[in-house]
Amino acid sequence: MIKRKIYNELLEWKNISDGKTAVMLEGARRVGKSYIAEAFAKNEYKSYILIDFSKTNADVKDVFVNNLENLDDFFMYLSGYYNTKLYESDTLFIFDEVQMFPRAREAIKHLVADRRYHYLETGSLMSIKENVSDIVIPSEERHLNMYPIDFFEFVAALGEEPMLAWMGKCFKEDKAMGQAMHRKAMTLFRKYMIVGGMPQAVQCYMDTNDFEEVDKVKRDILNLYRQDIVKYAGKYSVKVESIFDDIPAQLSKHETRFKLSSLGRGSRYRDYEDSFFWLNDSRVINIAYNTQEPNVGLRLNRDRVTLKCYMADTGLLISHAFDENGLISEEIYKKILYDKIDVNMGMLVENVVSQMLTSSGHKLYFYSKASKDRDKRMEIDFLVSKKRITSKHNVSPIEVKSGKNYTLTSLRKYISHFGEYTDIPYVIHQGDLKVDEGIKYLPIYMTPLI
């Protein structure tokens, strides 16, 4: 079993909530929600019942419709149907793919009030209007977001946990990793970028050490996403697919803001807003918004029309982008692994940084200022706020550099203009850690520590 950080969050929920709330585990398809939910149930409870609403029969669904007013009969039926003995405070009910049967989600209010057992829901697309339009959303849910396997989880899965302790120490003390350790960490990171964080892809790499086999797994997932778009996006499906297909081309440009003109002449954001929402809510993409004033209120000052659109998993992005022959050749993977590829590397690096920031709990914002005055014209890749807000210096600007030779013109302008708001400025690059003139140069693999 690949260790996932979300497991500890589930443990915390169980111990603190003690049945007073249910937990909703949300995430993209194939991100491992069902697997971790069942592993948690097996390890932490005396018994559990898993109801998969993507394939359960009508009889079980009828119990949620007709028997909630008599919970003794409700539990007796489910206990008998699944041949599982129930233990008060020590049985977990898993409502898997609960978005397929919203009435079960609505039932959470009554089941939690009963306080006999614990409840864990897993689902995708849970905020889409069509999935909740006919139910009362229970206030007793605690939501946990599950993301693709992150770099630190990947390193641990490969048996390199001592490396993580050294990274943490170097980050905290502002010291370099050292040439040998940095080189090893970068090799691990490039492997992670290629494989990505989808559990099936990671497991395939661990089992085969074969990038082409991994690519087949990733393409299966991409095909599943396409099928989901057709099946669930409804009237938005054509526009959703257009955005999905255009992501690699948009990210490969020097200016990575999403240009709606590429989707069709005269395209306007209001015509595509619901489609962006659908993809973002399904966790297929991560959206970064331009903030017009980079102070503590990043969300308050965001420009909803000016955005960047990233794939939620960089491994999937690689398979999505390099698909001319239907399968990426081993040669391309080797070029990425050994840092020999000379195209699209900036696209991959910026995308993986967005992925790591998101999985660390950051909302994605950037700062872009167009001006005739050169001193005011600047582009900052990402802005993140401190977790503990103070009276000043709360926002860190982040510049992402994929090459070895780069300038910091925009970052220095930003520091000059917004010094009162600025916390630690970061340059995320391919080199080792260093601090120079108040700027922290961070090796890309340390991004989750920000």
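Laboratory data are not the source of any read-out in this text; all were calculated from the coordinates shown. Because the structure is predicted, anything quoted here is derived from the model rather than measured. In this analysis, Cβ positions are derived from the backbone assuming ideal geometry, glycine residues included, and neighbour counts consider all displayed protein chains.
Odds and ends about this structure:
- For the stretch 151-449, with +1 on Lys and Arg beta carbons and -1 on Asp and Glu, the positive-most of LEU411, GLY178, TYR338 along the dipole: LEU411
- Here the stretch 6-145 is treated with +1 on each Lys and Arg Cβ and -1 on each Asp and Glu Cβ, and its dipole about the Cα centre works out to around 300 debye.
- With K and R counted +1 and D and E -1, the other residues having a Cβ less than 10 Å from that of ILE380 yield a net charge of -1.
- Amide H partners (placed H, <5 Å) of MET311, local residues excluded: ASN286
- Amide H contacts under 5 Å for TYR421: HIS393, restricted to partners 5 or more places along the chain or on a different chain, H placed in the peptide plane at 1.01 Å from N.
- Sorted by Cβ density within 10 Å, fewest first, the residues ASP245, ASP436, ASP313: ASP436, ASP245, ASP313
- Its relative contact order, with pairs defined as Cα atoms under 8 Å and 6+ residues apart, puts the chain at 13 percent.
- Highest GNM mean-square fluctuation among MET177, MET347, MET378, for the chain modelled with Cα contacts below 10 Å: MET378.
- Applying a length cut-off of 20 Å (Cα extent along the axis) and a mean Kyte-Doolittle floor of -0.5 to the DSSP H helices of the chain leaves 179-195, 237-251, 345-359.
- Rg and Dmax of the chain, based on Cα coordinates, read 23.3, 74 Å.
- Within the shell defined by Cβ-Cβ distances under 15 Å, the residues around GLU437 carry a net charge of +1, with Lys and Arg each +1 and Asp and Glu each -1.
- Exposure proxy order (Cβ contacts within 10 Å, fewest to most) of MET146, MET206, MET311: MET206, MET146, MET311
- For the chain, adding -39500 (n - 2.57) for each run of n ≥ 4 DSSP H residues and dividing by the number of residues yields -13500 deg cm²/dmol at 222 nm.
- Environment charge at GLU173 (Cβ cut-off 13 Å; Lys +1, Arg +1, Asp -1, Glu -1): +4
- GNM top mover of TYR414, TYR119, TYR77 - the chain, alpha-carbon springs below 10 Å: TYR77
- 3J(HN,Hα) from dihedral phi, the stretch 391-406, Karplus parametrisation 6.51/-1.76/1.60, rounded to Hz, x for glycine, proline: 6, 9, 6, 10, 10, 9, x, 10, 9, 9, 10, 8, x, 7, 10, 7
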